Amino acid sequence: MAILVGDFGAIGTVGLGAMLEAQSLNLETSTVAAEDVPARLAAGGTEVVVLDSGMSQARETAARIAAEHADVRVIICSLDDTTMLVYPGHGEAPYEAPLDPARLAAAIRKPR
């Protein structure tokens, strides 16, 4: 599974990676600056994008990704928050859910 992770900062990225690893997710993960996400998506192959909710215009970026790449799931979260916003893809409405390692893993794994 190919995941594109927006910039959570060095410590946040390590924490997010450890959280996903603990959930037995074997992922191909690339970390990029937020402004580079559209170009990486255009290259293809990405199944999930995880954005930091502290990122400027995270919701707008997620909505744009969901509209332009219907087969990509987008998750907005923060290691400092207790909820995540999930754009499940394929035209489904985004939803907010409690954030914990198991739920984050489930949102990433959600089959299409």
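The values are calculated or read from the model by the stated rules, or taken from the named source; none is laboratory data. Computed from a prediction, not measured in an experiment: that's the story for all the values here. Please note: Cβ atoms are built from the backbone with ideal geometry, for glycine as well, and neighbour counts cover all protein chains shown. For the accessible areas, the whole protein counts, side chains as well, though only heavy atoms, and no ligand, DNA or RNA atoms are used. Shrake-Rupley method; radii C 1.70, N 1.55, O 1.52, S 1.80 Å.
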Completion exercise
Considering region 77-96, residues that are aliphatic (A, V, I, L, M) and in contact with a strand residue (DSSP E or B) (Cβ under 7 Å, 6 or more places away or on another chain), and then whichever is surrounded by the most Cβ atoms within 10 Å (Cβ to Cβ), we arrive at V86
Fill in the blank from the handout: Expected single match for in a helix (DSSP H, G or I), out of contact with any strand residue (DSSP E or B) (no Cβ under 7 Å at 6 or more places or on another chain), modelled with pLDDT under 90 and not hydroxyl-bearing (S, T, Y) among A39, A67 is A39
Exercise for the section: Report yes if S53 is small (G, A, S) and in contact with a Cys (Cβ under 7 Å, 6 or more places away or on another chain), otherwise no. Expected result: yes
Exercise for the section: Could you please find all residues in region 90-112 being under 15 Å from T46 (Cα atoms) and over 12 Å from the mean Cα position of the chain (by Cα)? Expected result: H90, K110, P111, R112
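Using the structure shown, decide if G12 is open to solvent by less than 30 Å² (accessible area, probe 1.4 Å) and over 21 Å from G89 (Cα atoms).
Values: open to solvent by less than 30 Å² (accessible area, probe 1.4 Å): yes; over 21 Å from G89 (Cα atoms): yes.
Here the answer is yes, as G12 does meet what is asked.
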Completion exercise
Restricted to region 42-64 and to residues being modelled with pLDDT of 90 or more and among the hydrophobic types (A, V, I, L, M, F, W, C), the residue most open to solvent (accessible area, probe 1.4 Å) is A63
Completion exercise
Inside region 97-111, the number of residues satisfying the requirement of being part of a helix (DSSP H, G or I), more than 13 Å from L16 (Cα to Cα) and in contact with a Lys or Arg (Cβ under 9 Å, 6 or more places away or on another chain) is 1
Exercise for the section: Just give me the residues in region 70-87 being outside any strand (DSSP E or B), in contact (Cβ under 8 Å) with a residue 24 or more places away in the chain and more than 16 Å from M1 (Cβ to Cβ), in sequence order. Expected result: S78, L79, D80, D81
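Can we say G12 is in contact (Cβ under 8 Å) with a residue 40 or more places away in the chain, assigned to a helix (DSSP H, G or I) and among the small types (G, A, S)? Working first, answer last.
Working: in contact (Cβ under 8 Å) with a residue 40 or more places away in the chain: yes; assigned to a helix (DSSP H, G or I): yes; among the small types (G, A, S): yes.
In short, yes.
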Practice task
Only residues that are under 18 Å from R103 (Cα atoms) and touching a strand residue (DSSP E or B) at 6+ places or on another chain (Cβ under 7 Å): list them for region 18-36, please.
Solution key: L27
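When you look at L25, is it touching a residue at least 24 places away in the same chain (Cβ under 8 Å), open to solvent by less than 30 Å² (accessible area, probe 1.4 Å) and part of a helix (DSSP H, G or I), yes or no?
Values: touching a residue at least 24 places away in the same chain (Cβ under 8 Å): yes; open to solvent by less than 30 Å² (accessible area, probe 1.4 Å): yes; part of a helix (DSSP H, G or I): no.
Considered against the rule, which asks whether it is touching a residue at least 24 places away in the same chain (Cβ under 8 Å), open to solvent by less than 30 Å² (accessible area, probe 1.4 Å) and part of a helix (DSSP H, G or I), L25 comes out as no.
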